[in-house]
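Engineer: First the structure, then my questions, so here it is.
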Amino acid sequence: MLEQFDKAFESRIRLQIMSVLAANESYDFSSLKDLLEVTDGNLASHLKALEKEEYISVNKSFIGRKPNTRYEATQKGLMAFKKHLESLEKLIKQQK
């Protein structure tokens, strides 16, 4: 049963990031940082971990002269996230 849980989502912050990206088309770094109330470094390391798993994609651009980094959940990431949530649901139902 526990093997169905995805290690990438063991972190509360990564779970929150995927929740935000599953509900939105994309989200930028600053908005994610403010929403999750985490430091730049903390957020960057969690985003890097999700990117390494190919669960999110990164799009860098400029708005005027300011750099803007946006994140999007990939199809692979959404499927893994859905499977993880289904496993959590099963576990909860088994406890009743």
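The values are calculated or read from the model by the stated rules, or taken from the named source; none is laboratory data. Values in this document were obtained by computation on a predicted structure and should not be read as measured data. Using ideal geometry, Cβ is built from the backbone for each residue, glycine included, and neighbour counts are taken over all protein chains shown. Surface accessibility is based on the protein's heavy atoms, side chains included, excluding ligands, DNA and RNA. Shrake-Rupley method; radii C 1.70, N 1.55, O 1.52, S 1.80 Å.
Engineer: Which residues, taken from region 54-79, are assigned to a helix (DSSP H, G or I) and in contact with a helix residue (DSSP H, G or I) (Cβ under 7 Å, 6 or more places away or on another chain)?
Structural biologist: So the first thing to find is which residues in region 54-79 are assigned to a helix (DSSP H, G or I), and the list is 75-79.
Result: G77, L78.
Engineer: If you check K76, K7, K66, which single one turns out to be more than 28 Å from K93 (Cβ to Cβ), among the charged types (D, E, K, R) and open to solvent by 60 Å² or more (accessible area, probe 1.4 Å)?
Structural biologist: K66
Engineer: Now for a different question. On the basis of being under 24 Å from E86 (Cβ atoms), modelled with pLDDT of 95 or more and out of contact with any strand residue (DSSP E or B) (no Cβ under 9 Å at 6 or more places or on another chain), does S19 make the cut?
Structural biologist: Criteria met by S19.
Engineer: Scan region 26-38 and give yes if some residue there is touching a residue at least 12 places away in the same chain (Cβ under 8 Å) and open to solvent by 70 Å² or more (accessible area, probe 1.4 Å), otherwise no.
Structural biologist: yes
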